[in-house]
Amino acid sequence: MTKRAADSPIPDKPEDPFPLVTDHCDIIGGFGRGSAELGIPTANIAVNQLTKAINDLELGVYFGFAQLRPVDHEDDVFTRENGGKVLINYGRYLNRQNGDLDPLPVVLSVGKNPFYGNDFKTVELHIIHQFKDSFYGAQVRFSILGHIRPELNYTTKEALIEDINVDISTALQALDKDGFKVYRFQLAE
Ligand SMILES: Cc1cc2nc3c(=O)[nH]c(=O)nc-3n(C[C@H](O)[C@H](O)[C@H](O)COP(=O)(O)O)c2cc1C
């Protein structure tokens, strides 16, 4: 695989300050560009539920594992800033047989998304798995095991998509190393 200029070397196992592990965090509504414009759905995390160690990470792209859990709650509707409506289903359609509740590989962005001109921080997970339904309102517990690259600004949406796809392959390759694999089951309660 081609290594990009900004890529960090991937060690054989997590190196300080990793591994970092979260508690269960709520998945909140983002701007909705991830799925609609990029074709890469992301789960936005409520950043105030993350530890200081995670909030202090430099802006960039990281990899780890994530495990979802549904929340017992009736459906709600969330209205985005642009007026779009999102059904919050609290993860009621997550399906154990489909592997949705397993610890899954994740690539995450800790960023301000310069491509979209945001000036506040977001933590977004792209869980590498084929989900059949959305899961807004569900909870997720995740680990961060390593750094892939700093956050970059892009001039085109296509360049951003291409780089996120490279991030996904880099994450899968790293998580397949013995020194990272062992962390898959660290998330179980
Ligand atoms: C793995 C990954 C890497 C990303 N890297 C960048 C980046 O380098 N620069 C950037 O502006 N946005 C980056 N993004 C953020 C996308 O711009 C973001 O997912 C998009 O704004 C959708 O957000 P929304 O779901 O809140 O609408 C990255 C997202 C992911 C999942």
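Values quoted throughout were computed directly from the atomic coordinates according to the rules given, and no laboratory measurement underlies them. If you're wondering where the values come from, they're calculated on a predicted model, not measured in any experiment. Note that each Cβ is placed from the backbone with ideal geometry, even for glycine, and that neighbours are counted across all protein chains shown.
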Worksheet item: Using 0.36 nm per residue, how much length does the chain from residue 156 to residue 75 gain when fully extended, once their Cα-Cα distance is taken away?
Response: 25.6 nm
Worksheet item: What list of ³J(HN,Hα) couplings, whole Hz, do you get for the stretch 49-60 from phi and the Karplus terms 6.51, -1.76, 1.60, once you set θ to phi - 60° and write x for glycine and proline?
Response: 9, 9, 6, 4, 4, 6, 5, 7, 4, 5, 4, x
Worksheet item: Using the Karplus equation 6.51 cos²θ - 1.76 cosθ + 1.60 (θ = phi - 60°), what ³J(HN,Hα) coupling, rounded to whole Hz, does each residue of the stretch 77-87 give in order, writing x for Gly and Pro?
Response: 10, 10, 9, 6, 4, 8, x, x, 9, 10, 7
Item to complete: Please state, to two decimals, what the Cα-based radius of gyration of the stretch 1-110 comes to when divided by 2.2 N^0.38 Å (N = residues).
Response: 1.23
Practice prompt. Note down the relative contact order for the stretch 20-187 as a percent, whole number, built from C-alpha pairs under 8 angstrom at least six residues apart.
Written response: 32 percent
Item to complete: Note down the nm distance, to one decimal, between modelled labels 7 Å out along Cα→Cβ at residue 130 and at residue 59.
Response: 3.5 nm
Worksheet entry | Cross-link reach list, lysines versus residue 52, counting only Cα pairs under 20 Å and skipping chain neighbours closer than eight places | 112, 121
Discussion item. Give me, ordered by chain and number, the residues 5 or more places off residue 30 or on other chains with an amide H under 5 Å from its own placed amide H.
Written reply: 44
Item to complete: Please report the orientation-averaged projected area of the chain, defined via the convex hull of its C-alpha atoms, in nm².
Response: 10.8 nm²
